[in-house]
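*Asks:* Quick one: the structure is below, and I'll ask about it shortly.
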Amino acid sequence: MRPDILNPLFAETATLDGVGPKLQKPLDKLGLVRVKDVAYHLPERFVTRRPVENLDAASEGEQIVVALTPTEHRAPRSGRGPYRVLAQDAVGNICALTYFGRASYTAKKQLPVGEKRWLAGRLDRYGDMLQIVHPDHVSEEGGDALGQLCEPVYALSEGLTQPKVASLVEQALTRLPELPEWIEPGQFARQKWPAWADALKLAHAGEHASARDRLAYDELLANSLALMLVRADNRRRRGQPLQGDGGLRAKLQLPFPLTGAQKRSISEIEGDLAQEAPMLRLLQGDVGAGKTVVALEAMLIAVEAGSQAALLAPTEILARQHFETLRAMAQPTGVEIALLTGRDKGRARESILMGLMDGSIDIVVGTHAIFQESVSYRDLALVVIDEQHRFGVAQRLQLAGKGRRTPHTLAMTATPIPRTLTLAQYGEMDVSRLDEMPPGRQAIDTRVVAQERLQDVIEAVGRHIAGGQQAYWVCPMVREHESEDIAAAEARYAALRERFGETVVLVHGQLKPELKDAAMERFARGEAKLLVATTVIEVGVDVPAATLMVIEQAERFGLAQLHQLRGRVGRGSEKSTCLLLRGDALSETGRERLALMRETQDGFRLAEEDLRLRGGGELLGTRQSGDTPFRVATLEQIQRLLPLAHDDARLLMERDGGLEGERGAAARVLLYLFERDWGVQLLRGG
Ligand code: ADP
Ligand code: MG
C-alpha cells in the first residue's frame, strides 16, 4: 500500500483549481495525471524579457515585451493553417501574432482590434513579416512588470498556455507534504543539496543546478533500488531448468548459416535456461541483426524440454509479423505455434486458450493479451519480449508468474543504448549483443545535404521513384507545438503531392487510424512510392525495402534515433541512400554528429558517441524522449549521478537493512513516489 503521506501528491490533477474536462486531455497528453506529475513538470528553461518601445529596438529571436495594437484578424484559409492577428507597434511596424490550433480562441478574446495590449514573447520572422508565435502573455497594462520576470518555460501541449501551467504548478507546490529524507546522510551533507520539497520549489523558481541534481538523484536512486530488489527477488525464485536434446533445433532448415554473434548468444541463453534461477537476459542487436532466429532457437529449447514458450510483441501488427515468420521458419520442426491478440474473440480464442491449457500449443505469439488472467498455460517456461524499451516490463511480468515457477525471460531490443544507460534501463539483466550483421547487407550511402538544396533533393527523389523504387521522407517532431509539426509535415506532403501526384502518401500521429493504415498499406503494396511521415514510423514493423530516405532537419534528432530511422532502408541487397537534410539549428556538435552518421552504421557506436557529444553541452532539461526511463534526470545527470545513486542503493540494501528500518521506510516512500513500487511489492510477495 502506498504510504498515506503521499496521498496529496497522488490526487488527480482534476482536484486542482481550474482543471475541468477541457484541460484533462492536454494534461494527459503531457503525462500530468496526478498532482505529483505537475510538481515534477520542471521548466525546460527560463526566460527574462526585455521591454522595448517598438520593434525596431528588438532583434530577431529575442524575448521581448512590447505594446501592440491589433489591426486585423485573419482566420486560416485551410483547416490546419494558423490563425493570425496583425498588430502595429508605436511607430507603425506590423507584426503577426500567430496561433495554432485551439489557441486561436484565446486570440479572439484577448486581442480586440484597435485596443492596445502588452505582449510578451519571442520575436521572429515568417517570410518577410515579423511574428510572435503564441505570445506568452497578453495584458492590458504593465510592460515593465512583464519584463522583469525570470519566468519558467514549460513544455506544453495543445490547449495549454504557459500561465495556465504555471498556475497549476504553483498550486501543486502548495500541496507538498514533508517527506522523510531518503538520501544517505553522508551523501546528503557532502552534496549540500536542498531537502526534497525545497528542491522542487527551487527548480521551478530559477536555474538552481543543485536542486535539479537532487531531484534527478532521487529518481536514479529509486530506479537503482527497485532494480536491486528485483534482482534479489529473482535470485530467491525458482525457475525451471530447461535442457533441450537438440532434436527440434536439428530439424530447422535455415537457408543460411548463423553468424558468430548469433551462435554465441544462443549458447549464452542455453546456459541460462539450464539453471534453476530464472534467466533475465537482454538480447541487443540492430534492426536486421537477426534476433528472430535467436528467439526461435531459445523457444525450441523450451519445447524440447517439454514446456511452452511465449513471445510478446508491443503491437498487434508486430505480433502478426512475428507469428508469420516464426511459423514459416519452424514449419519443418512440427511445433504448434499460435497467435493470440486482443482482437481474437469467440470460438477462435476459446480454442487457443484450450490449446495453451492442455499443452497442445507449444509456442504462443501475441500482445499483452497473452498474459491476461483468463489465459492459463500448462507449463509456460520461457517468455520472450520484443522491443519493449519501456522500463521494467520484464520485471513486472515476473509478478504475473507469481505463486508458480517463474518463467525465464529474454528481452530483445534494437534500440542502441550506451553502456552506461543499459544499467539504468535494464537493471542488472545479463546482456547478449548481436554485434555482427548477417553477410550480404550493403552499407547505406549516407550524405549530409544543406536545406538550401531542397529542390535538388526533390529532383533526386523524383528520379528515384520514376525508376520504380520507393522512398521515405521524414519530417521531425521537434517544435514546441505539435500542431506546428503536423502542419509542416502536411505542407511538405502537399508540395510533394503537387509535384508527384497520387503516388505520395502521408502518415502522422494525428491521422485517423483508418487513414494511417490505408496509407501504410498502399505503400506496402507498392502502389504508393513515396511515404511522407513524421517520426512515428513504428519501430520494428516490416515495411518494403525502400531504397531512399530523406530526413529533414536531421540535426535535431539524436543519433540513435537517426540510426533507427535509417535502418528502414537498405534492408535488402540493393544499394540504398540516406539524405540528411541539415536545417538551421546546427551547432558545432550538430555538425560533428551528422558526420558520424556518414562514417558508421554501428548503432552502439553511434549511441555512445551521441552521449559523449551531447552529454556536456546539453541544455537545461532538454531530453531525447524515449532514450531513458527517466522523467527528471537528463543524460548528463545520469552519467554523473547514477554511479552515486547505485552505490547508495547498494549501501541501503547491504548495510542499512534494506527496506526495513528508518531509512528503509523513507526509501519505500521514494519508491512509491517514482512509481517503482513494484519493487516493494516483489519484496512483500517474496
Ligand atoms: P531483427 O529482428 O534483429 O531486426 P530479423 O530477425 O528480422 O532481424 O532478421 C533480418 C533478416 O536477416 C531476416 O530476413 C532473416 O531471415 C535474415 N537473417 C537472420 N540471420 C541471418 C544469417 N545468419 N545470415 C543471413 N541472413 C540472416
Ligand atoms: Mg525483429
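*Asks:* State whether the residues of the stretch 612-635 include one that is modelled with pLDDT of 80 or more and within 24 Å of Asn234 (Cβ to Cβ).
*Replies:* As a first pass, look at the stretch 612-635 and keep what is modelled with pLDDT of 80 or more: 630-634.
From the residues that got through so far, the ones that are within 24 Å of Asn234 (Cβ to Cβ) too are 630.
Yes, because at least one residue in the stretch 612-635 is modelled with pLDDT of 80 or more and within 24 Å of Asn234 (Cβ to Cβ).
*Asks:* Check whether at least one residue in the stretch 336-345 is at pLDDT below 95 and under 25 Å from Val431 (Cα atoms), and report yes or no.
*Replies:* Checked against the condition, which is being at pLDDT below 95 and under 25 Å from Val431 (Cα atoms), the stretch 336-345 yields no hits at all.
*Asks:* Given the conditions (1) modelled with pLDDT of 95 or more; (2) among the hydroxyl-bearing types (Ser, Thr, Tyr); (3) under 16 Å from Lys36 (Cα atoms); (4) surrounded by 14 or more Cβ atoms within 10 Å (Cβ to Cβ), and given that Thr174 satisfies all but one, which numbered condition is not satisfied?
*Replies:* Here Thr174 meets the rest and fails (4).
*Asks:* How about the stretch 562-606: which of its residues are modelled with pLDDT of 80 or more and among the small types (Gly, Ala, Ser)?
*Replies:* The answer is Gly567, Ser576, Ala595, Gly603.
*Asks:* Could you list, in sequence order, the residues of the stretch 180-197 that are over 11 Å from Asp648 (Cβ atoms) and among the acidic types (Asp, Glu)?
*Replies:* Glu181, the sole residue that qualifies.
*Asks:* Oh, and also: Does any residue in the stretch 275-290 that is within 18 Å of Thr415 (Cα to Cα) come within less than 6 Å, Cβ to Cβ, of a residue that is within 12 Å of ligand 2 (Cβ to nearest atom) and of a type in the set (Ser, Thr, Tyr) six or more places away or on a different chain, and which pairs are these?
*Replies:* Pairs that qualify, where the first residue is within 18 Å of Thr415 (Cα to Cα) and the partner is within 12 Å of ligand 2 (Cβ to nearest atom) and of a type in the set (Ser, Thr, Tyr), are Gln284/Thr413.
*Asks:* Regarding Ser224, is this residue in a helix (DSSP H, G or I), modelled with pLDDT under 95 and either within 16 Å of ligand 1 (Cβ to nearest atom) or touching a His at 6+ places or on another chain (Cβ under 7 Å) (or both)?
*Replies:* Yes; evaluated as a whole, the condition is true for this residue.
*Asks:* Then there is this: Just name the residue that is surrounded by the most Cβ atoms within 10 Å (Cβ to Cβ) out of those in the stretch 182-212 that are in contact with a helix residue (DSSP H, G or I) (Cβ under 6 Å, 6 or more places away or on another chain) and not in a helix (DSSP H, G or I).
*Replies:* Per the stated criteria, the residue is Trp182.
*Asks:* Further question on the same structure: From the list Val91, Val85, which one is more than 19 Å from Pro51 (Cα to Cα) and free of Cβ contacts under 8 Å to residues at least 40 places away in the same chain?
*Replies:* That would be Val85, the only listed residue that is more than 19 Å from Pro51 (Cα to Cα) and free of Cβ contacts under 8 Å to residues at least 40 places away in the same chain.
*Asks:* Also: If a residue has to be surrounded by 14 or more Cβ atoms within 10 Å (Cβ to Cβ) and of a type in the set (Ser, Thr, Tyr) to count, how many in the stretch 361-380 make the cut?
*Replies:* Residues in the stretch 361-380 being surrounded by 14 or more Cβ atoms within 10 Å (Cβ to Cβ) and of a type in the set (Ser, Thr, Tyr): 2 in total.
*Asks:* Also, quick follow-up: List pairs: first in the stretch 448-459 and among the hydroxyl-bearing types (Ser, Thr, Tyr), second outside any helix (DSSP H, G or I), Cβ under 7 Å, 6+ apart or cross-chain?
*Replies:* Listed by first residue and then by second, the contacts come to nothing, as the list is empty.
*Asks:* Conditions first: (1) in contact with a strand residue (DSSP E or B) (Cβ under 9 Å, 6 or more places away or on another chain); (2) open to solvent by less than 70 Å² (accessible area, probe 1.4 Å); (3) touching a residue at least 24 places away in the same chain (Cβ under 8 Å). Thr48 passes all but one, so which condition is the exception?
*Replies:* (2)
*Asks:* What's the number of the only condition in (1) more than 27 Å from Thr406 (Cα to Cα); (2) assigned to a helix (DSSP H, G or I); (3) open to solvent by 10 Å² or more (accessible area, probe 1.4 Å) that Ala232 fails to meet?
*Replies:* With respect to (1) more than 27 Å from Thr406 (Cα to Cα); (2) assigned to a helix (DSSP H, G or I); (3) open to solvent by 10 Å² or more (accessible area, probe 1.4 Å), Ala232 is out only on (1).
*Asks:* Scanning the stretch 488-523 for residues that are without any contact (Cβ under 8 Å) to a residue 12 or more places away in the chain and buried (at least 16 other Cβ atoms within 10 Å of the Cβ), which turns out farthest from the chain's Cα centre (by Cα)?
*Replies:* Restricting to residues being without any contact (Cβ under 8 Å) to a residue 12 or more places away in the chain and buried (at least 16 other Cβ atoms within 10 Å of the Cβ), the top hit is Arg497.
*Asks:* Here is a further query. Restricting to the stretch 482-534, name every residue that is in a helix (DSSP H, G or I), hydrophobic (A, V, I, L, M, F, W, C) and farther than 17 Å from Val457 by Cα. Even if it seems obvious, please write down each step before you answer.
*Replies:* So the first thing to find is which residues in the stretch 482-534 are in a helix (DSSP H, G or I), and the list is 482-503, 513-524.
Pick out the ones that are also hydrophobic (A, V, I, L, M, F, W, C) and you get 486-489, 491, 494-496, 500, 515, 518-520, 523-524.
Result: Ile486, Ala487, Ala488, Leu515, Ala518, Ala519, Met520, Phe523, Ala524.
*Asks:* Are there any pairs, at least 6 apart or on different chains, whose C-beta atoms fall under 8 Å, with the first in the stretch 344-358 and under 16 Å from Glu373 (Cβ atoms) and the second of a type in the set (Ser, Thr, Tyr) and surrounded by 13 or more Cβ atoms within 10 Å (Cβ to Cβ), and if so, which?
*Replies:* These pairs meet every condition: Leu356/Tyr377; Met357/Tyr377.
The values are calculated or read from the model by the stated rules, or taken from the named source; none is laboratory data. These numbers were taken from a predicted model, which means no experiment stands behind them. Quick reminder, even Gly has a Cβ in these numbers, built from the backbone with ideal geometry, and neighbours come from all protein chains shown. Accessible surface is based on the protein model in full, side chains and every heavy atom, while ligands, DNA and RNA are left aside. Shrake-Rupley method; radii C 1.70, N 1.55, O 1.52, S 1.80 Å.
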